[in-house]
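Derivation of every value follows stated rules applied to the coordinates shown; laboratory data play no part. In this text the structure is predicted, and so the values were computed from the model without any measurement. Cβ sites come from the backbone with ideal geometry, for glycine too, and all protein chains shown count toward neighbours.
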Amino acid sequence: MGKIKGIELLKNGKRLDGRMPLEMREIEMKVGVIPNANGSAMVRFGKTIAVAAVYGPRLLLPKHLQENDRAVVQCRYNMAPFSTDERVKPGPTRREIEISKVIRQAVEPVLFLENYPKTTIDIFIEILQADGSTRVTSINATSLALADAGVPMKDLVVALSGGKINGTLILDLNGLEDNNSEADMPVAFTANKKEITLLQMDGELTKEEIKKLLKEIFTAGEKIYQMQIKALKDRYSE
Amino acid sequence: MTKQNNGVREIAYPGQILGSSKEYLASHGTYIDEQGNIVSKYLGILSISGNYISVIPLSGVYVPKPGDHIIGIVTEVEKVGWVVDINSPWLAFLSLSEGVDEFVDLKRVLLNRYYDEGDVIYAQVLSAKKGDIQLSMKGPSFKKLKGGVLVKVTPSKVPRVIGKEGSMINLIKEKTRTIIRVGQNGLVWISGEKVDKAIMTIKRIDEKSHVYGLTEEITKMLSE
């Protein structure tokens, strides 16, 4: 644990890429990247790039999938074949289907779906480069794309991953850390109310560690929230 | 709160707390949360008039409301009416009795003699419940629009295209010598002399609706 091929993931209190344990990677956000979509956004966390496109609300067909009192959210998370070192086979894998579902569940609670009966809101997420924490990057991109599409929302959704290496709590794991850490915990929450919409964990953390890590994620999430607001406003500042 | 920054109107984002429901009244584009705060629902232009707070979305689809005057394209002729595409997530239905004033003997007449597939009509929303939208064409201004060009604008920006008491649209009509009809669903029908210029102007309004001094810019653009 905490070691790969003799390289230490945490050396002198610094991580492999020179970050401090609670430091995030360089983040870039851009709204309105796909002209054909109703709303779209690109989010980059270090080397991880996710592009989200939102289409709709539009009529849902076939008819038996329609809901009479609300819109249905459909989400597809897809990794581009060239996104990782090893080529990813095209087509939805078990992992991709699961991530599609958790992303959908992470953004659904903030949407006012009852205004659009019989329709669907389609979310398409493409991972162009994967270097850890792809699901939180995708959720941030989806949140921006939904706002850009003009879908009524209660709040924006902010997501960030946390983890543990050699007993030290860290934020925003990259690919190497993701694969070799003792624990990794992606979290998504609504920006104002801090209501958690996604909480997954891989590995082992004690109760105290989870509490501490959540606190750190909420604090760091504020920075991501401000970046989301800036990206949204930049779309219309000219 | 309505401060001016770099000539762009103040933009609200989803989840932004705009004020307390004790001081202000929540108008469209906002909701009141459990703590009694007025919160924005959309990414849009913040406007406070009197004690009403509203957010005008900068994008989004058209949701029909009864009484809206809209422009639609007939997509299907059915036995007792027409299916109309009204630029919203749902298709609308125009029944025979609401679409034609005269008596129609269904045994002898085919309905496509009134409105055929591809025809553009100016109509009114009669009712809109759970995605079931009924149209009506009773009234002097509702008719089939012959010839002309259709332009799409963002539905929430239609009031800007029309301007205060029709100031903007009358300006375009006058300067380009065209007849323009604006549907509240975001479809604009243009016919006349300088159609190209009218289209360009309307697209410009759609893009720049959030910037101050739009009327001056459009006046300048039209007088070129």
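Data table
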read-out	value
Total charge dipole magnitude, the stretch A:166-238, about the Cα centre, Cβ charges on Lys, Arg, Asp, Glu only, Debye to nearest 20	540
For peptides B:141-153, A:142-154, A:81-93, sequence by mean Cβ density within 10 Å, most packed first	A:142-154, B:141-153, A:81-93
Estimated distance in nm for a label pair at B:Asn112 and A:Met201, the labels positioned 7 Å out from Cα along Cα-to-Cβ	6.6
Shielding of A:228-235 by partner chains, average beta-carbon count, 10 Å	4
Label-point separation in nm, B:Lys220 to B:Glu78, each point 7 Å along Cα→Cβ	5.1
Of A:Ala183, B:Ile179, B:Asn87, farthest towards positive along the dipole that unit charges on Lys, Arg, Asp, Glu beta carbons give the protein assembly as shown	B:Ile179
Rounded FRET efficiency, nearest 0.05, which uses the C-beta distance separating A:Leu61 from A:Ile210 and R0 of 51 Å	0.75
Mean-position separation - Cα centroids, the stretch A:38-94 and the stretch A:106-150, in angstrom	8
Dipole magnitude of the stretch B:121-160, debye to nearest 20 (Cβ charges: Lys/Arg +1, Asp/Glu -1, about Cα centre)	80
About the Cα centre, charge dipole magnitude for chain B (Lys/Arg +1, Asp/Glu -1 at Cβ), debye	380
Per-residue average of Cβ from other chains inside 10 Å of B:36-45	4
Shielding by partners - mean other protein chain Cβ count within 10 Å, residues of A:146-159	6
Prolate/oblate/rounded call for chain B, Cα gyration tensor, a/c under 1.5 rounded	oblate
Radius 9 Å from Cβ of B:Gly192, net charge of other residues (Lys, Arg +1; Asp, Glu -1)	+2
Selection from A:Ser237, A:Gly221, A:Ile210, by position along the positive dipole direction of the stretch A:190-238 (Cβ)	A:Ser237
Packing rank of B:106-113, A:199-206, where each peptide gets the mean count of other beta carbons within 10 Å, highest leading	A:199-206, B:106-113
Efficiency of FRET from Cβ geometry, B:His69 and B:Asp196, R₀ 30 Å, rounded to 0.05	0.70
Prolate/oblate/rounded call for the protein assembly as shown, Cα gyration tensor, a/c under 1.5 rounded	prolate
Cα gyration tensor, the stretch B:69-145 - rounded (a/c under 1.5), prolate or oblate	prolate
